[in-house]
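Down below is the structure, laid out as structure tokens.
Just so you know, all these numbers are worked out from the coordinates, no wet-lab data involved. Computed from a prediction, not measured in an experiment: that's the story for all the values here. Heads up, the Cβs are rebuilt from the backbone with ideal geometry, glycines too, and the neighbour counts pull from every protein chain shown.
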Amino acid sequence: MGSAYQSDHGLAYPALPVVLRHRRTGAASEPHLAMLDTGADATLVPRDLLATIGKIEMLRSVKLRSHWGELRHAPLVLVDLEIAGEQLNAVEVVVDEIGKEAVIGRNILNRLIILLDGPGLRTDLLTRRPSRLR
């Protein structure tokens, strides 16, 4: 399953649809396009999106440093995450209490095989490695 690159920030960027699920209740969010960011250590979800699945206990507070050097504290929570139809259970996500965008970082990206087709402006989540890349 895949998705077209998004360009709402001026430059096209890879994105895939994500659904958050509450680990205990199973409550699910509506699909939300998330930016794929290989430079981000962690996955960020906006507080408003997380709130749609109910109250989730914070595991701990983490320190985040933005690419501008700003340092702030943010809650870390555990959710189930569906990304482009692939189910990932018990993943840690950082709650972004300011922003409105979901960002999929390396803690998730490193568990997936993703094809970034820049010329075709498309992102695809692969279920197996193409034979030419084995």
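Find, among the trypsin sites (Lys or Arg not before Pro) in segment 65-130, those assigned to loop by DSSP (not H, G, I, E, B) with at most 16 other beta-carbon atoms within 10 angstrom.
Passing sites in segment 65-130 are K100, R111, R128.
Run the quick spin-label model on L59 and R111: label points 7 Å from Cα toward the beta carbon, then report their separation in nm to one decimal.
1.0 nm
Please turn the phi angles of segment 101-110 into ³J(HN,Hα) values with the Karplus equation 6.51 cos²θ - 1.76 cosθ + 1.60 (θ = phi - 60°), one per residue in order, whole Hz, x for glycine and proline.
10, 8, 10, 8, x, 5, 4, 9, 4, 5
What list of ³J(HN,Hα) couplings, whole Hz, do you get for segment 77-83 from phi and the Karplus terms 6.51, -1.76, 1.60, once you set θ to phi - 60° and write x for glycine and proline?
10, 10, 9, 8, 9, 10, 10
How long is the gain from N89 to E30 if the chain were fully straight, where each residue apart is worth 0.36 nm and the alpha carbon distance is subtracted?
Computed gain between N89 and E30 is 19.5 nm.
As a footprinting exposure proxy, order L115, L50 by other Cβ within 10 Å, with the fewest listed first.
Going from least to most buried by this count: L115, L50.
Would you please give the residues with an amide H less than 5 Å from that of Q6, counting only those at least 5 places away or on a separate chain, with H modeled from the backbone geometry?
Excluding prolines and chain starts, which carry no amide H, the hits are Y13, A15.
Tally Lys/Arg at +1 and Asp/Glu at -1 over every other residue whose Cβ is under 9 Å from the Cβ of L71; what's the total? Intermediate results must be reported in sequence, preceding the final value.
Values: positive: K63, R65, R72; negative: E70.
Residues near L71 contribute +2 overall.
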